[in-house]
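Peer 1: One structure follows; several queries about it will come next.
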Amino acid sequence: MALMFLNGGGMRGGPLHEQLRGAPLLCVTRSAPRYRYFSVGDRFPAMHEVGEGGGSVLGEVYDLPLSVLREHLIPAEPPELEIGVVELADGVSCLATVLRRSFVDSAELVDITDYGDWRAYRGASASGS
């Protein structure tokens with residue numbers, strides 16, 4: 001089992017949530033304020049650790065069997081993301097999908113760090129804010 005921080009489609013109600021195969025939700029929390037948060041082509045979010053100027057990201061932590069991670073979640077993730085380790089607000093480390101370094105300069109990235117929440121961003125962009 002591994003702690004997995006999800007902040008996009010894998011969260012409850014998201015299109016990838018079924019890939020968790022019933023893994024238990026442990027908590028809703030935020031990351032440490034060390035990340036820039038991006039919308040990738042308005043399709044999914046991505047975190048990227050920065051030395052300064054980062055923000056905190058809202059997400060859900062699951063107790064995920066490694067076999068579920070390997071066989072279901074990772075194959076469902078887009079190629080712009082990879083598995084990394086992030087720090088949560090309480091200092092705990094978790095696995096997470098993070099932006100691959102090779103995509104950091106992609107024209108598809110829109111910085112949504114100020115939202116710090118994929119659902120809030122999607123709601124604001126849907127309403128034209």
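Peer 1: If we sort 4-10, 23-29, 41-47 on the protection proxy, mean other Cβ atoms within 10 Å, highest first, what's the order?
Peer 2: Working: 4-10: 25.1, 23-29: 14.4, 41-47: 19.6.
Taking the mean over residues of other Cβ atoms within 10 Å, the ranking is 4-10, 41-47, 23-29.
Peer 1: Could you work out how much longer the chain between Val104 and Arg12 gets when fully extended? Use 0.36 nm per residue separation minus the Cα distance between them, nm to one decimal. Before the final figure, lay out the partial values.
Peer 2: Working: separation 92, 0.36 × 92 = 33.12 nm, distance 2.70 nm.
This chain segment gains 30.4 nm when fully extended.
Peer 1: Still on this structure, please answer the following. Please compute the modelled spin-label separation between Arg21 and Glu49, points set 7 Å along Cα→Cβ, answer in nm with one decimal.
Peer 2: 2.8
Peer 1: Let a ≥ b ≥ c be the square roots of the eigenvalues of the Cα gyration tensor of region 2-116; is it rounded (a/c under 1.5), or, if not, prolate (a/b larger than b/c) or oblate?
Peer 2: Cα axes put region 2-116 in the oblate bin.
Peer 1: I've got another one for you. For region 10-25, take each phi angle, set θ = phi - 60°, evaluate the Karplus expression 6.51 cos²θ - 1.76 cosθ + 1.60, and give the result in whole Hz per residue in order, putting x for glycine and proline.
Peer 2: With the stated coefficients, region 10-25 comes to x, 6, 3, x, x, x, 9, 4, 4, 5, 6, 6, x, 4, x, 6 Hz.
Peer 1: While we're on this one: Calculate how large, on average over all directions, the projected area of the Cα convex hull of region 1-42 is; give the answer in nm² to one decimal.
Peer 2: 3.9
Laboratory data are not the source of any read-out in this text; all were calculated from the coordinates shown. As the structure is a computational prediction, the values presented were derived from the model and not from experiment. Cβ atoms come from the backbone with ideal geometry, glycine included; neighbour counts cover every protein chain shown.
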